[in-house]
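All of the numbers you see were taken from the coordinates with simple rules; none came from a lab. Keep in mind it's a predicted model, so treat the numbers as computed, not measured.
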Amino acid sequence: MEYTKEMQKVFPNGQINDAQMEVLKLFSLPIPSVEIKRLKQVLGRFLDDIVQQQLDKYIEEGKYPVGEELEKMHLRTPYHANGKN
């Protein structure tokens, strides 16, 4: 298989991590393109669950602002009238 530009984006150092290797092993047989879309959706939901669990953990530990504290935070990038940052 040719090392394409897309592969360079996914594997910038030419290495794959353990999770990537396990997915490759699981799907070593050809998958119809129709099923690839479903697979992306399933993996997307899986990753969403991981992120939600982390966020819930941070909120429980008080590491992430919620409620009024979050509403009062100024999260915008500062604007400089002279155009300089």
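The table below gives the values:
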quantity: Ratio Rg/Rh, restricted to the stretch 31-72 and using Cα atoms, in which Rh is the Kirkwood radius; calculated: 1.31
quantity: GNM flexibility winner over the chain from Val42, Val23, Val34 (Cα, springs under 10 Å); calculated: Val23
quantity: Kirkwood hydrodynamic radius over Cα pairs of the chain, then Stokes diffusion coefficient at 10 °C and 1.306 mPa s, in µm²/s; calculated: 90 µm²/s
quantity: Full-extension gain in nm, Leu29 to Lys63, via 0.36 nm per residue minus C-alpha separation; calculated: 7.9 nm
